[in-house]
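The values are calculated or read from the model by the stated rules, or taken from the named source; none is laboratory data. This structure is a prediction, so every number in the text was calculated from the model and none was measured. Methodologically, a virtual Cβ is constructed for each residue, glycine included, from the backbone with ideal geometry; neighbour enumeration extends over all protein chains shown. Areas reflect the complete protein model, heavy atoms only, side chains present, ligands, DNA and RNA absent. Shrake-Rupley method; radii C 1.70, N 1.55, O 1.52, S 1.80 Å.
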Amino acid sequence: MSKNQPKEKRMRDVIETAVNFFLEQGFEGTSMDLIAKTSGLSKGGLYHHFESKEQLLLEANNVYFDPIVKMMEEALDIDSAVEGLRFFIRGSLRHWAMHQRELVFIFLSNSRMLSKIELWKQISGYSGKMIQFYEFLFLKGIDSGEFQYHDARGRAIALFGAMDGITPYLVISKEITAQIA
């Protein structure tokens, strides 16, 4: 890694190096020393930027979810709640279908996060944001008359569960594609 590159690019390269090792060798089989050497950093330099492998794992998740967050913001800017939901569902499923490596990493990292209680807040924060997003769009649709009155929170939880449930099958199954009407 060149020290002449912008810091953001260098950190992204470190994260990608870590993710490659996490996917190839597993989280436990990957050392900070290996990540540092491969990234062209000293071990101390790596720890200066990332205090632990868990922090690298969380930062990779944040980087990989950034396009989804941007799609959520765009969906909220669409006047129609129905069109906002369509835009987001289609876009996020297409995104993950085209970024299967990142999707596999996220699901593998979720298993790591589930095994460490101190990392549960990351998963909880993600699910909370997604449910709030869907609920907001459902309430917007109710207010505008696009939807009949319903339990927006309950539907948001159901949609979140459905989306999180179908997404890994985009990688696993040849029968399911991101082509939605």
Per residue, how many Å² of accessible area does the stretch 73-120 show with a 1.4 Å probe?
56
Let me check I've understood the local charge: for I68, count other residues with C-beta under 13 angstrom from its C-beta, Lys and Arg +1, Asp and Glu -1. What total comes out?
-1
Using the per-residue mean of other Cβ atoms lying within 10 Å as a proxy for protection, in what order, highest first, do the peptides 74-83, 134-143 fall?
134-143, 74-83
What percent does the relative contact order of the chain come to when contacts are Cα pairs within less than 8 Å and at least six residues apart?
19
Only four residue types carry charge here, +1 at the Cβ of Lys and Arg and -1 at the Cβ of Asp and Glu. Report the dipole size of the chain about the Cα centre in Debye, rounded to the nearest 20.
480
Given contacts defined as C-alpha pairs under 8 Å and at least six residues apart, what's the relative contact order of the stretch 33-103, whole-number percent?
17
Principal axis box of the stretch 25-113, alpha-carbon based, largest edge first, Å:
51, 23, 21
Carbon and sulfur: what percent of the chain's accessible surface (1.4 Å probe)?
55
